[in-house]
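Asks: Handing you this structure, nothing more for now.
The values are calculated or read from the model by the stated rules, or taken from the named source; none is laboratory data. Keep in mind that this is a model prediction, so the values were computed, not measured. Every residue, glycine as well, gets a Cβ built from its backbone with ideal geometry; the counts of neighbours run over all protein chains shown. Ligands, DNA and RNA are stripped out before the accessible areas are found, and what is left, the full protein with its side chains, is counted by its heavy atoms. Shrake-Rupley method; radii C 1.70, N 1.55, O 1.52, S 1.80 Å.
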Amino acid sequence: MRNPPAWTLHAVPDQSGRVAVVTGANSGIGYVTARELARHGAHVVLACRDPGRGGAALARMRGEVPGARLELRQVDLGSLASVRAFAAGWDRGPLDLLINNAGVAMVPYARTADGFESQFGVNHLGTFALTGLLMPHLLAAPDPRVVTVSSEGQRFARFDLGNLNAERGYRTAFAYVQSKRANLYFAMQLQRWADTAGLKLRSMAVAPGLTRTNVLTGGANSGRGRLYATATRLLVHAAFRPTPEGAKTSLYAATVPDLPGGSYIVPDGPLQLRGEPTPRTRERAIRDTDTAARLWQLSERLTGVTYELSTASTPA
């Protein structure tokens, strides 16, 4: 029996007329995702923490895709004030697509500007707040989608609602996979929220698989020393696949026309580490509605961002 053909970046359908925000679009999976959406006609906002790196990415992308409709806006998911400023400054009308890509991975212990453990604060709470604050603009679009990048590593999380913020000690890997499980819970609960309200919004989660990015060596990890940087780069180059392969699940979830809301898209290979995008339904976290609901309530309390069913309408 012959395997089905690979899903390639060329399979992305025409995106003309869509407005998309991609967080963390200055490098890695976010860069490729933003570039390919723009290549296929979308107006893409690169939402980046660092204006310098964002500007360099914007210039490079314009060189790779002449005529692309691109712009750069600053947002730091580690600061709720920055997230609120980004949302308050939105002036492009309906938002068709939000790709929650930005995040940190396996970083030393640190706190965000608001006092949250950094991996939980950036990967989950910043994403939760940004999505909620942009929701009126998403719901003004004819077919809005939210794609949240989780990780194949979330399968190994021992999710502890009482230790999400490193209340009882900090272990780097534990905090990382727990934050990525939170991303999956969030994406699934967002779809339930939309369904309950009778909204047209589709929320997806994705796992990219092992992918070559600078998430393990850049940002907060850049101060770990030369030995760490060298060893990690060698490992990533040898064992991880090229960045465009990792961006496939995000692009698949963002653009495949008939994909149902609540889908979790992962590579179809062993342990979800590599392969072609495919929906995964046999995932315990997808069915864990109780934990997802409790996390949602906690997130609203910590961020001050409330997803009100009564206000789920087109902005004035």
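Asks: Yes or no: Glu64 acidic (Asp, Glu), out of contact with any strand residue (DSSP E or B) (no Cβ under 6 Å at 6 or more places or on another chain) and surrounded by 23 or more Cβ atoms within 10 Å (Cβ to Cβ)?
Replies: When the stated conditions are applied, Glu64 does not pass them.
Asks: Can I ask one more? Could you please give the count of residues in segment 67-78 that are surrounded by fewer than 18 Cβ atoms within 10 Å (Cβ to Cβ) and part of a loop (DSSP other than H, G, I, E, B)?
Replies: 1
Asks: With closer than 20 Å to Ala254 by Cβ and of a type in the set (Lys, Arg) as the only criterion, which of Arg92, Arg84 stands out?
Replies: Arg92
Asks: Give me the pairs: first residue in segment 163-177 and over 10 Å from Tyr109 (Cβ atoms) and assigned to a loop (DSSP other than H, G, I, E, B), second residue open to solvent by less than 40 Å² (accessible area, probe 1.4 Å) and modelled with pLDDT of 95 or more, beta-carbon distance under 6 Å, and six or more apart or on different chains, which are they?
Replies: Leu164/Phe120; Asn165/Phe116; Asn165/Glu117; Asn165/Phe120
Asks: Every residue in segment 100-117 that is closer than 20 Å to Thr306 by Cα and either in a helix (DSSP H, G or I) or touching a strand residue (DSSP E or B) at 6+ places or on another chain (Cβ under 7 Å) (or both), please.
Replies: Matches in segment 100-117: Asn100 only.
Asks: Right, something else. Kindly check whether there is at least one residue in segment 103-126 that is touching a residue at least 40 places away in the same chain (Cβ under 8 Å), more than 19 Å from Ala292 (Cα to Cα), in contact with a Cys (Cβ under 9 Å, 6 or more places away or on another chain) and open to solvent by 20 Å² or more (accessible area, probe 1.4 Å).
Replies: No.
Let's see how each residue does on (1) more than 27 Å from Arg35 (Cβ to Cβ); (2) open to solvent by less than 10 Å² (accessible area, probe 1.4 Å):
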{"residue": "Pro257", "(1), (2)": "no, no"}
{"residue": "Pro260", "(1), (2)": "no, no"}
{"residue": "Ile265", "(1), (2)": "no, yes"}
{"residue": "Gly269", "(1), (2)": "no, no"}
{"residue": "Arg282", "(1), (2)": "yes, no"}
{"residue": "Ile286", "(1), (2)": "yes, no"}
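Asks: Please specify each residue of segment 15-59 satisfying the condition of being within 16 Å of Ala141 (Cβ to Cβ) and either in a strand (DSSP E or B) or open to solvent by 60 Å² or more (accessible area, probe 1.4 Å) (or both).
Replies: Within segment 15-59, Ser16, Gly17, Val19, Ala20, Val21, Val22, His43, Val44, Val45 meet the criteria.
Asks: Looking only at segment 79-92, how many residues end up being exposed (fewer than 15 other Cβ atoms within 10 Å of the Cβ) and under 17 Å from the mean Cα position of the chain (by Cα)?
Replies: 0
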